[in-house]
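Asker: Just dropping this structure here.
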Amino acid sequence: MGSRDFWGSLGVVMALAVSPAWSTAQDVPGTGSSAGDGVSRGDTTVMPAQAPTRPRSPQPRVPAPPALPEAPRPSPPAPPAGAPGTPAPPGIAPALSAPPVTPPAVTPAQPAPVPLGAGTLAEMGPLPYALAPSPALPAEVSGPSLTALSGFGLGGIPQMIGDQARLLPLRSTARPPPSKASSFVASVRGLKISENQSPAPQDRVFYTFNFFAEVNQHLNQKFQASVDGLRVFREVVGFEKTFHDGDGSFGVRLPINTVSANSTITGNFAKLAGTSTAVGDLSFFAKYVFLRDSATGSLFTGGLAISTPNGPRQFAGAKYLASLDSTSIQPFVGYIWRRDRFYLHGFSAIDTPASTHLATLVFNDVGIGYFVLKSTDPQDWLTAIAPTFEVHVNSPLTHGDWTNRNDPGGVPNVVNLTYGINFEFNRRSILTFGMVTPVTGPRPFDYEVVALLNVFYGRTRRTMQGNPPVIGG
């Protein structure tokens with residue numbers, strides 16, 4: 001075989017070998033142009049063709065503007081880890097870069113429901129107010145609690161009983177002429193601030209009853225008075241109302257006086273004795289708390305009482321009694337000191353009359369008490385019992401010579417002791433019984449019997465029942 005035939009046969013073989021691969025490349029987009037563009041048939045010279053482009057990696061999609069939203073295109077699911085990829089078609093080289101793997105979407109787990117009563121508040125999260133558990137109260141609380149102090153109210157204790165020493169003395173001025181009996185001078189003025197009174201402002205209505213036996217018996221005998229067996233009855237009605245969130249109060253007291261006496265005159269002379277009743281002098285008072293210890297109920301108050309001579313000139317309207325009655329002004333201070341069941345309270349006052357014929361008096365009244373019963377059961381009928389003991393010192397600053405017959409306004413120093421017991425019912429009322437005995441001479445009376453009734457309302461009742469006071473109530 002000649003050389004020309006050899007090279008011709010070799011060219012045919014190479015053309016047949018290249019022809020299938022070249023036709024396949026033409027079918028794949030982006031690998032070249034038609035056969036006539038890159039290779040000239042019958043020529044071994046290969047024309048430069050366009051290089052095949054590498055497949056681009058998918059780029060992250062930029063979200064469309066809000067005005068023109070574009071629905072997201074579904075992405076093909078990523079093959080599971082470890083699974084073989086999709087084989088490439090025959091004749092195509094595998095891609096140079098692996099396709100990106102889309103991470104699986106993670107859905108946040110919903111918190112498991114927590115049954116009520118399980119776990120702590122931090123674990124359960126915020127609860128509605130109606131479902132929130134109430135905080136547990138400690139078994140023992142240091143200091144007196146509102147429940148423990150419910151008897152007679154937080155910061156409140158029974159009223160002072162008093163001694164009513166201002167009624168006295170009643171005494172004779174001179175021997176009467178034969179035509180009539182005796183004329184008496186009665187140093188009867190208004191009420192002491194300590195009579196059925198508490199240093200604490202209160203909302204209440206009250207009633208007081210006093211009975212004095214053998215009034216001025218010693219003086220009547222000394223001055224040969226024309227009456228003996230003098231008995232005095234005094235009833236007082238009144239009310240008190242708080243203001244300024246319970247820090248202050250004002251009140252009114254109206255006495256009704258009754259006097260009864262026996263005549264010592266014999267013969268055909270006028271015997272001015274017997275029983276007489278009349279309304280007494282109206283009294284006004286006001287007080288305000290300047291210092292208060294809310295934890296114990298201790299406090300310090302100050303105030304003023306004024307008595308007006310609107311009653312009859314003679315005490316109880318008795319014709320055999322002459323009066324030196326006058327308007328009086330009584331500034332005072334009051335205090336309460338309390339420790340659990342024990343309490344101490346008192347008043348100090350100066351009674352200044354408008355008339356110079358009457359004595360200016362200083363009153364110092366102090367009392368102690370102890371709760372032998374303090375019930376915490378709201379269903380109990382009798383909720384507290386508190387015995388009490390008081391000392392009352394009445395000292396004249398003027399007209400102190402009570403033996404001077406020419407000084408009808410003279411009064412002695414008088415010290416009275418008061419014994420009593422208080423009963424609280426249903427945390428709304430207090431009934432008090434007491435007895436007063438003088439311990440200095442001359443004795444202004446033999447003995448005194450006292451009964452007090454206080455019925456509370458408004459702020460004071462709520463406090464006594466263990467409820468918090470209402471602002472403005």
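Asker: If you take the residues of segment 226-261 that are of a type in the set (S, T, Y) and closer than 19 Å to P199 by Cα, which of them is surrounded by the most Cβ atoms within 10 Å (Cβ to Cβ)? Let's see the steps before the verdict.
Answerer: Residues of segment 226-261 of a type in the set (S, T, Y): 226, 242, 249, 258, 260.
Next, only the ones that are closer than 19 Å to P199 by Cα stay: 242, 249.
Working: T242: 23, S249: 25.
Checked segment 226-261; the qualifying residue surrounded by the most Cβ atoms within 10 Å (Cβ to Cβ) is S249.
Asker: Something else: Which residue is surrounded by the most Cβ atoms within 10 Å (Cβ to Cβ), if the candidates are limited to segment 393-444 and must be charged (D, E, K, R) and in contact (Cβ under 8 Å) with a residue 40 or more places away in the chain?
Answerer: Restricting to residues being charged (D, E, K, R) and in contact (Cβ under 8 Å) with a residue 40 or more places away in the chain, the top hit is E424.
Asker: Sticking with this one: When residues of segment 323-365 are filtered for being over 16 Å from L282 (Cα atoms) and touching an Asp or Glu at 6+ places or on another chain (Cβ under 6 Å), how many remain?
Answerer: Here the count works out to 3.
Asker: Just checking, which of V415, V455 is farther than 22 Å from D365 by Cβ and not in a loop (DSSP other than H, G, I, E, B)?
Answerer: Just a single option satisfies the conditions, and that option is V455.
Asker: Follow-up question, since we're still on this one. Looking only at strands (runs of 3 or more DSSP E) that fall completely inside segment 280-394, which ones have 1 or more residues that are at pLDDT 95 or above and farther than 15 Å from E195 by Cβ? Give the derivation first.
Answerer: On the way: elements: 283-293, 298-307, 321-323, 328-339, 342-353, 361-370.
Qualifying strands (runs of 3 or more DSSP E): 283-293, 298-307, 328-339, 342-353, 361-370.
Asker: Here's another thing I want to ask about it. How many residues are surrounded by fewer than 18 Cβ atoms within 10 Å (Cβ to Cβ) and over 29 Å from the mean Cα position of the chain (by Cα) when one looks only at segment 327-347?
Answerer: Summing the residues that are surrounded by fewer than 18 Cβ atoms within 10 Å (Cβ to Cβ) and over 29 Å from the mean Cα position of the chain (by Cα) in segment 327-347 gives 3.
Asker: If I193 passes every condition in (1) assigned to a loop (DSSP other than H, G, I, E, B); (2) modelled with pLDDT under 70; (3) buried (at least 24 other Cβ atoms within 10 Å of the Cβ) but one, which one does it miss?
Answerer: The failed condition is (2).
The values are calculated or read from the model by the stated rules, or taken from the named source; none is laboratory data. It should be emphasised that the depicted structure is a prediction, and the values quoted were computed from it without experimental measurement. A quick note on method: Cβ atoms are made from the backbone with ideal geometry, for glycine too, and the neighbour counts reach across all protein chains shown.
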